[in-house]
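Step one of this worksheet: look at the structure below.
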Amino acid sequence: MKYDLHSYDKYIVSFSGGKDSTATFLYLLENGIPIHKIELWHQDIDGDGDTFFDWEVTPDYCRKFAEAFGVKIYFQWKEGGFKGEMLRENSRTAPTHFQMEDGTIGKAGGTKGELNTRLMFPQQSADLSVRWCSSYLKIGVCSIAIVNQARFRGIRTLVLSGERGEESPQRAKYAIWEKDRADRRNGIKYQRYVDRHRPIRDWTEEEVWAIIQKYRIRVHPCYYMGWGRCSCKFCIFGNKHQFASVAHISPAQFQRVADYEKRFGKTINRKCDLWQLIKTGKIYPHITEKLKSLATGYNYNQPVIIPESEQWILPAGAFSDSCGPT
Ligand code: SF4
């Protein structure tokens, strides 16, 4: 099957606020896709619950990024967020909420499916049935939001995501183009044509930073503090240095997460609990008070596009150990 990047009515970029989804958006600009056809979609991990697992500043960083480029942004989330899904006890997964074009919030799901109990963190696995955070809080939420909006019927939509083969052997096997799971091009009542594109699957990290430098993007503050990957603050794949750094900048949040390890009797890391893990980790030396308060606050107040009067600098976390999903 032949795919043509320029043949779509709508381009949805799955936008985490990290370097790879940023590069994916910039790829569209590089290829001349008009900005009015592009939407950034951010799946908010903590949703409408307390900030439990993610960086406090991420939603506002994404909002300010969209403002800087004059591109639309929509948020989607699972009711109760990460914590709600983790604490499921003989219950169904919660409904999904999504911002719509007219400013209202849509809601779907949560009424069918099996009753289930989690009471554990997602597992460090490539298998999305046990690594439920990716499937339930990101992939599924995005798909539900497309399927339940009539505006995607009768048009051609391209969903873009920023997985890169360098990150893991599993990701290297992902298709660059394929039919998206929300597709229903042969539907009888209506058609919904949705493809998936992973344009940077074969890009190197050098290429990602090069395009970010070209557009003079000030990336998420976690990169300047030393993180190689902007994922959930407490990403289950984090190494000892990441968790030591997180415990340093967010001690109360760290304590809450560590307390759940005790309650569940199951740890995030397969070998030891979080308190043991951080004993051998080194706090990133680039963490400053200013960066820490920016990353752990709810208001992103820096220009996302760095003015010419200021030098673009490669963040401390670039080319470091990324520790992302397998
Ligand atoms: S960043 Fe880590 S913890 Fe967050 S959804 Fe992805 S794999 Fe799960």
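Brief remarks on what is shown
- Per-region count, segment 116-159, residues of a type in the set (Val, Ile, Thr), part of a loop (DSSP other than H, G, I, E, B) and either in contact (Cβ under 8 Å) with a residue 12 or more places away in the chain or open to solvent by less than 10 Å² (accessible area, probe 1.4 Å) (or both): 2
- Taken over segment 220-244, the residue count meeting the criterion of being in a loop (DSSP other than H, G, I, E, B) and within 16 Å of the ligand (Cβ to nearest atom) is 14.
- Where a residue in segment 256-268 is open to solvent by less than 70 Å² (accessible area, probe 1.4 Å) and assigned to a helix (DSSP H, G or I) and its partner, wherever it lies, is among the hydroxyl-bearing types (Ser, Thr, Tyr) and at pLDDT below 95, with Cβ under 7 Å and at least six apart: 261/267
- Evaluation of residue 108 against the conditions (1) of a type outside the set (Asp, Glu); (2) away from the ligand (no atom under 15 Å from the Cβ); (3) within 30 Å of residue 169 (Cβ to Cβ) shows that the sole unmet condition is (3).
- Test for residue 7: is it within 20 Å of residue 194 (Cα to Cα), open to solvent by 10 Å² or more (accessible area, probe 1.4 Å) and within 18 Å of the chain's Cα centre (by Cα): no
- Sole exception among (1) modelled with pLDDT of 95 or more; (2) surrounded by 13 or more Cβ atoms within 10 Å (Cβ to Cβ) for residue 175, by number: (2)
- Qualifying residue in segment 303-326 (condition: under 23 Å from residue 134 (Cα atoms), open to solvent by 70 Å² or more (accessible area, probe 1.4 Å), outside any helix (DSSP H, G or I) and in contact with a Gly (Cβ under 8 Å, 6 or more places away or on another chain)): yes
- Lone qualifier among 287, 278, 283 - being assigned to a helix (DSSP H, G or I), open to solvent by less than 90 Å² (accessible area, probe 1.4 Å), of a type outside the set (Phe, Trp, Tyr) and farther than 27 Å from residue 138 by Cα: 278
- Enumeration of residues in segment 13-33 that are surrounded by fewer than 24 Cβ atoms within 10 Å (Cβ to Cβ), touching a Leu at 6+ places or on another chain (Cβ under 9 Å) and not aromatic (Phe, Trp, Tyr): 14, 28, 31, 33
- Taking the numbered list (1) more than 16 Å from the ligand (Cβ to nearest atom); (2) open to solvent by 10 Å² or more (accessible area, probe 1.4 Å); (3) in contact with an Asp or Glu (Cβ under 6 Å, 6 or more places away or on another chain) in turn, residue 77 passes all entries but (1).
- Residue selected from segment 92-115 under the condition in a loop (DSSP other than H, G, I, E, B) and among the hydroxyl-bearing types (Ser, Thr, Tyr), by the criterion surrounded by the most Cβ atoms within 10 Å (Cβ to Cβ): 93
- Near pairs, Cβ below 8 angstrom, 6+ apart or cross-chain, from segment 51-67 (charged (D, E, K, R)) to any residue that is part of a helix (DSSP H, G or I): 54/82; 56/295
The values are calculated or read from the model by the stated rules, or taken from the named source; none is laboratory data. On a predicted model such as this, the values are computed, not experimentally measured, just so you know. All Cβ positions, glycine included, derive from the backbone under ideal geometry; neighbour counts span all protein chains shown. Only protein heavy atoms, including side chains, enter the accessible area calculation; ligands, DNA and RNA are left aside. Shrake-Rupley method; radii C 1.70, N 1.55, O 1.52, S 1.80 Å.
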